[in-house]
Amino acid sequence: MTARIIDGNALSAKLRGELAAKAAELTAKGTQPCLAVILVGGDPASAVYVRNKVTGCEKAGIKSLKFEYAQDTAPADVLGKIAELNADPSVHGILVQLPLPKHFDEKAVLEAISVEKDVDGFHAENVGRLSQGQEAFIPCTPNGVMEMLKSIETPLRGAEAVVIGRSNIVGKPMAMLLTAAGATVTVCHSGTRDLNFHTRRADILVAAIGKPKFVTGDMVRPGAVVIDVGINRLPDGKLCGDVDFDSAKDVAGAITPVPGGVGPMTITMLLANTVESASRAARKA
Ligand code: GUN
């Protein structure tokens, strides 16, 4: 059996078309959605992600502001910019690209962003709201994964879902969203004793480990939906995921490719959160 490919580019194109229409409607009524992106330091992968976010905004009719800081920037400078953006009513979303240089207190920076403009959904209050099922900005990558599962009508209620990885950005919010949708969720990580035991039980397997081709076909339950969140660069310059696509596709029922899977969906959900934030601001105005 060869798995159905869940095409993140195609789903993104559809959703971004809908978002562009909403952005145009808001703009016509006097509120153009606007995202401010802060990049500190010269991490090449972060620079690519930020460029893709800015381009995604432009194509959807969302205004973007980019602020770049040198690696040795004082945290106070970045915190000052965040305070300024928090107070600017024309800015609806603020994103600080992670990781930050080591001399930054990442938590303090994320908490400095106004909860109403936290379109990444990383502020502790948004995380708490999500965990309690209250209205919240949902972190973009796991939210994009949920959209992909919805797009192929994956049954979630009662499903066995296994998430490999427990990061604040992906693993933990992914587990919360799947739990809220009625799945029985297991979160595996580097300390998990028998990883294959867990992965082979999964109806839905989400890999967010950061290790190239870590999940092989023998770890996948036949017919499972396999979601690959990893983006790794191989020595030959090619991108690959955390899943060994070639062996997993012969076992899975559906699978996301890398590139062209979860990656574009992350940016799509960022655009969605920015448009939603602008729409809330317009309702209040
Ligand atoms: N670094 C890796 N993923 C992300 C993300 O989704 N948002 C931000 N701000 N930084 C990241």
Original post:
Across the range 55-80, what is the total count of residues that are over 20 Å from residue 114 (Cβ atoms), in contact with a strand residue (DSSP E or B) (Cβ under 8 Å, 6 or more places away or on another chain) and surrounded by 15 or more Cβ atoms within 10 Å (Cβ to Cβ)?
Top reply: 1
Original post:
Could you say which residue among 190, 167 is under 24 Å from residue 46 (Cα atoms) and free of Cβ contacts under 8 Å to residues at least 60 places away in the same chain?
Top reply: 167
**OP:** May I ask you to list pairs of residues, at least six apart or on different chains, whose Cβ atoms are under 7 Å apart, with the first in the range 268-282 being free of Cβ contacts under 8 Å to residues at least 60 places away in the same chain and the second being away from the ligand (no atom under 15 Å from the Cβ)?
**Re:** none
**OP:** Could you list, in sequence order, all residues of the range 105-116 that are part of a helix (DSSP H, G or I) and within 13 Å of the ligand (Cβ to nearest atom)?
**Re:** 106, 109, 110
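Within the bounds of the range 258-267, is there any residue that is touching a residue at least 60 places away in the same chain (Cβ under 8 Å) and surrounded by fewer than 18 Cβ atoms within 10 Å (Cβ to Cβ)?
Yes, there is a match, as at least one residue in the range 258-267 is touching a residue at least 60 places away in the same chain (Cβ under 8 Å) and surrounded by fewer than 18 Cβ atoms within 10 Å (Cβ to Cβ).
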**OP:** Please list, ordered by first then second residue, the pairs with beta carbon atoms under 9 Å, 6 or more apart or interchain, first in the range 9-21 and touching a residue at least 60 places away in the same chain (Cβ under 8 Å) and closer than 17 Å to residue 149 by Cβ, second of a type in the set (Ser, Thr, Tyr) and part of a helix (DSSP H, G or I).
**Re:** 11/151; 11/268; 12/268; 15/268
**OP:** Could you grab me the full set of residues in the range 131-169 that are within 16 Å of the ligand (Cβ to nearest atom), of a type in the set (S, T, N, Q) and not in a loop (DSSP other than H, G, I, E, B)?
**Re:** 141, 143
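Bear in mind that the values in this text are calculations on the coordinates, not laboratory data. Just so we're clear, the structure is a prediction, and the values are computed from it rather than from any experiment. Note that each Cβ is placed from the backbone with ideal geometry, even for glycine, and that neighbours are counted across all protein chains shown.
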